[in-house]
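As structure tokens, the structure follows; a few thoughts come after it.
Every read-out reported here was derived from the displayed coordinates using simple, explicitly stated rules and does not represent laboratory data. Computed from a prediction, not measured in an experiment: that's the story for all the values here. Because the Cβ atoms are built from the backbone with ideal geometry, glycine has one as well, and the counts that use them run over all protein chains shown.
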Amino acid sequence: MTTWLITGCSSGLGHDLAQAVLERGHNAVITARHTDSMQDMVHAYPGKALAQTLDVTNAEQINAALQAAEAQFGTIDVLVNNAGYGYRSAIEEGEDADVTALFATNVFGPVSVMKAVLPGMRKRRSGIIVNVSSVAPRIASPGSGYYSASKLALEGISATLRKEVAPLGIKVMVVQPGAFRTDFAGRSLHGSTTTIADYDATVGPRRKAVDKTSGKELGNPVKAAHVLVDVITGEKLPDSLLLGSDAVTWATDAIKAELQEIEDWKTVSARTDFS
């Protein structure tokens, strides 16, 4: 039995992951900005589920949630940084305040939560940190530039942290979901109010106001939650895990194209070496 701290549990993958963790007999600190939708789990798993109000951009709430978790369970064995949201706009259309808020939630918030749990994990020389990213940085879809950049930043931090904490017995994994049937493309999706007609052909079909994909995604978040519990509690943890057959296809195609371009241009690239 382990104790998990999961952010963004009010709905979607976070809610389903919390449910799966509790069903498997683990303790779960389930957090979100609003805890109303999590009370069913608290009542169903008394003493095992602890709901805490947590906006990952709020340092005081992070510290309070961690203190409450340690008071009830003693340690945090697994941190899952799941809280985050999408943002659609052309790069030129992106509004500064919106982009700043996006990075605060998708990058700096998870970093703050990691920094809060790491002292305890270092002391025990054990722990797992799971950062939920997306397949989006691999495919660079028009309109998702800022969102992709926020997730790419989180992946870069995760990759470096993995090497820094490996000698301390701590593991770090990135999760890269494809399209899942959650609120991500619906209620949770934000978009710029500024629109520029020249981007109607590329970004237009994916703008929040016209996106019709919500509720039609291939991925099942309940199945994803159980897959994550299986992997995280298994003997071997991958550095990154794609979720969904669509994510596998998109990532494979993108990597093949990148490798081909490296091959095509390797002679030019090598011209910069000292002779």
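Relative to the longest principal axis of the Cα atoms of the chain, the long axis of helix 59-73 makes an angle of roughly 40 degrees. Result for the chain in a Gaussian network model with C-alpha springs under 10 Å: among R187, R138, R162, the largest mean-square fluctuation is at R187.
Using θ = phi - 60° in the Karplus curve 6.51 cos²θ - 1.76 cosθ + 1.60, the 3J(HN,Hα) couplings for region 133-148 round to 9, 6, 6, 3, x, 6, 10, 6, 5, x, x, 10, x, 6, 4, 4 Hz; x is entered for Gly and Pro. In this simple spin-label model, placing a label point 7 Å from the Cα along the Cα-to-Cβ direction at both T272 and Q72 gives a separation of 5.2 nm. Angle of helix 221-232 to the longest C-alpha principal axis of the chain, folded into 0 to 90 degrees and rounded to 10: 70°.
Label sites at A209 and R124, each approximated as a point 7 angstrom past Cα along Cα to Cβ, lie 5.0 nm apart. Just check region 197-275 against the gyration tensor rule for me: Cα atoms, a ≥ b ≥ c as the square roots of the eigenvalues, rounded for a/c under 1.5, and otherwise prolate or oblate depending on whether a/b exceeds b/c. Since a/c reaches 1.5 but b/c is at least a/b, the shape of region 197-275 is classed as oblate. Between A166, A197, A179, the residue with the greatest mean-square fluctuation in the GNM of the chain (Cα pairs under 10 Å linked by springs) is A197.
Taking each of K115/K171; K115/K151; K163/K256; K48/K115 in turn, the alpha-carbon distance tops 22 angstrom for K163/K256; K48/K115.
Judged by the gyration tensor of its Cα atoms, with axes a ≥ b ≥ c, region 138-271 is oblate; a/c meets the 1.5 cut and b/c is at least as large as a/b. Evaluating 6.51 cos²θ - 1.76 cosθ + 1.60 at θ = phi - 60° for every residue in region 103-109, the Karplus couplings come out as 5, 4, 7, 7, 10, 5, x Hz, glycine and proline recorded as x. Amide H to amide H distances under 5 Å link V29 with W4, L5, I6, L50, where only residues 5 or more positions off or on other chains count and H is placed in the peptide plane. Summed over all non-identical Cα pairs, the Kirkwood treatment of region 1-158 gives a radius of 16.1 Å.
Among beta bridges from DSSP that stay inside the chain, the antiparallel ones total about 0%.
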